[in-house]
Every structure is written in C-alpha cells, then in structure tokens.
Amino acid sequence: MGEKSDTGRLVLVGAPLGNIADASARLRETLATADIVAAEDTRRLTRLARDLEIHVAGRIVSYFEGNEERRTPDLVDALEDGAFVALITDGGMPSVSDPGYRLVRAALDAGVPVTAAPGPSAVTTALAVSGLPADRFCFEGFLPRAGGARRGRLRELAGEPRTMVFFEAPHRVAACLADLAGAFGAQRPAAVCRELTKTYEEVLRRPLGELAAWAEATPPRGEITLVVGGAAPAGRAAAPAGEVRAAVARLEAEGTTRRDAITAVAEEYGLRRRDVYEVVHAPA
C-alpha cells in the first residue's frame, strides 16, 4: 500500500542513553512540535523535556510493552486523521528491543509515512567501544530468561562467526555469562558494557570465563550490554588472546617489527590480521 498524502506521520525518536548532551536538535524539535508523544515512560519523558528546557505542547500518552497492543489502533486512527505522532522510549531507538515495531508495522499497513529522528543506540555504542571486530555483527537482543532455554539458544549461536551483541538484566548477567562461557568457551573474547554514556560507565574487556567469574563475585548494576566475539573459522579452535599476544611479543623480541609480527601470527593461527591487531592493542 502506498503512503497517503492526507495522513499524519510517525517519527521514531532516538533518546539519550544517559548523557543529556547526546540529545539532538531534531529530538528537541520533534518533541516540541508533535501533536501526540507516545512515551515508554511518561515520567521519564517529562524529566527529559525539563532537562532539555523544552515544552511538550502535544498530548502525552504512555506506550509500553503492557499496553502497546491495545493502544496501537488509537494511534493509527490519529495518524490517519492527520496527527503528527512521535514515539520515544527510555533510551536508544524505538523498536530495538523496545516498544515500536507493532506501531511501525500498523502505520505502514495503513499507508502512513514513517521516519526517524535518529539518535543514540546501545547496540552500536557498545559494539564500537568493545574492541571487538565491528565490520560484521548481529544483534540478538535479550536471551531467554529460563536457563535451559537460554543455553539452548546459545548452543545454536556457538558457531556464529560475527560479533554478537546482547542485552541482559543485571540480576541475570552472572548466569548469562556463565552460560556463554559454557557454550562458546571460556577464552572467547567479550566485553561487558555497563551504564553507557552515564557517570559510572564501565567497560570490561576480558575472556568470557573471566567475565563470568567477575560477575559472580561482584554482581553488576545498571543497564548492561554484552558484546561477544564470533567463532573462529571452521576447523580451527579459537586461540586464547594471551597466547596470541605472547606470540606477537616473542617475534618482536627477536627483532621483527610489530606489523610483520602481527601478520605472521595471523597466518600461523588462521586469523584475520585485524583480529590479531585488536587483541594486541586491547587493554590488558
């Protein structure tokens, strides 16, 4: 169905993950001029508007997992009547493990224009700071809550060659990391990204086994994004990061330049030169 010229429009708004300075000019304009603002948490929206020193003149309605099925038809009716509707979640882009997909699909089916005022995303932010390959990746969202189902999903992903990004609740992080280490191997490189862009941001870059032990001893708090390196090429076992670093250091000690040492180790272990480079330059 083509877009109707006499309808309203739906704009998906990317909200700051935590640092208010990340709010875009388009976010400010969209929230200030929308006829309706559908917010995952209306209290957080009110606080965001106050921090940005803008006035939300339109009608504010709640739109979250518990009511999106019921509220979507009303919002589509408003869009078809010509309303400008903005959709915002607590942080990041709507529809990415947050409310939004159902409304987007319904609006498109009704021929309503859908666009975005793009902004921060925990997925790409965590991927960028993880130190893991980012040329190819997949986003797996939240893993199943039940241990058996979670381990079954991870067994399916054990051979995935791309870097993987997961969301996880803080009270399940220790169990999740333990299951990841069991399914992928304790030496698989990974990063725990906690409270991204906020005052107490923390990024731990270690093998899965070490991260699992850390989370068990010091249960993390806050919003968590996990980034896990992909599987080694078929037919080869993943080389421990420490072993790769040691091999490069040994060649350097013998007089080989770091560039040539990285190239030689990549060939020896059947790895990409870029992966060896990132292992060597990752924080210890």
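The values are calculated or read from the model by the stated rules, or taken from the named source; none is laboratory data. Here the structure is a predicted model, which is why all the values come from computation and not from measurement. Backbone-built Cβ (ideal geometry, glycine too); neighbour counts: all protein chains shown. Accessible surface is based on the protein model in full, side chains and every heavy atom, while ligands, DNA and RNA are left aside. Shrake-Rupley method; radii C 1.70, N 1.55, O 1.52, S 1.80 Å.
From the list Tyr269, Tyr200, which residue is surrounded by 16 or more Cβ atoms within 10 Å (Cβ to Cβ), within 28 Å of Asp179 (Cα to Cα) and of a type in the set (Phe, Trp, Tyr)? If you could, list the steps in order and put the result at the bottom.
Working: Tyr200 fails: surrounded by 16 or more Cβ atoms within 10 Å (Cβ to Cβ).
Answer to the selection: Tyr269.
Filter the stretch 205-226 for residues that are surrounded by fewer than 16 Cβ atoms within 10 Å (Cβ to Cβ) and either of a type in the set (S, T, N, Q) or under 14 Å from Ala126 (Cα atoms) (or both) and give the result.
Correct list: Thr218 only.
Being over 23 Å from Ile224 (Cα atoms) and of a type in the set (Gly, Ala, Ser) is the filter here; which residues of the stretch 2-57 pass it?
Gly2, Ser5, Gly8, Ser24, Ala25, Ala32, Ala34, Ala38, Ala49, Ala57
Please note which helices (runs of 4 or more DSSP H) are completely contained in the stretch 168-264 and include at least 3 residues that are hydrophobic (A, V, I, L, M, F, W, C) and within 20 Å of the chain's Cα centre (by Cα).
Details: elements: 173-184, 208-217, 241-253.
Qualifying helices (runs of 4 or more DSSP H): 173-184, 208-217.
Among the residues of the stretch 115-129, which ones are closer than 17 Å to Ala86 by Cα and among the polar types (S, T, N, Q)? Step through it out loud before you land on a result.
In the first step, residues of the stretch 115-129 are kept if they are closer than 17 Å to Ala86 by Cα; the result is 115-120.
Scanning the stretch 115-129 gives a single hit, Thr115.
Give the residue, chosen from Arg70, Arg50, that is open to solvent by 20 Å² or more (accessible area, probe 1.4 Å), more than 25 Å from Ala25 (Cα to Cα) and within 28 Å of the chain's Cα centre (by Cα).
Just a single option satisfies the conditions, and that option is Arg70.
So which of Ala117, Ala158 is more than 13 Å from Leu226 (Cα to Cα), touching a helix residue (DSSP H, G or I) at 6+ places or on another chain (Cβ under 7 Å), aliphatic (A, V, I, L, M) and at pLDDT below 95?
Numbers: Ala117 fails: at pLDDT below 95.
That would be Ala158, the only listed residue that is more than 13 Å from Leu226 (Cα to Cα), touching a helix residue (DSSP H, G or I) at 6+ places or on another chain (Cβ under 7 Å), aliphatic (A, V, I, L, M) and at pLDDT below 95.
Quickly run through the stretch 92-134 and pick out the residues that are touching a Cys at 6+ places or on another chain (Cβ under 9 Å) and open to solvent by 30 Å² or more (accessible area, probe 1.4 Å).
Within the stretch 92-134, Thr125, Val129 qualify.
Please go through the stretch 135-174 and pick out each residue that is among the aliphatic types (A, V, I, L, M) and buried (at least 18 other Cβ atoms within 10 Å of the Cβ).
Matches in the stretch 135-174: Leu143, Leu154, Leu157, Met164, Val165, Val173, Ala174.
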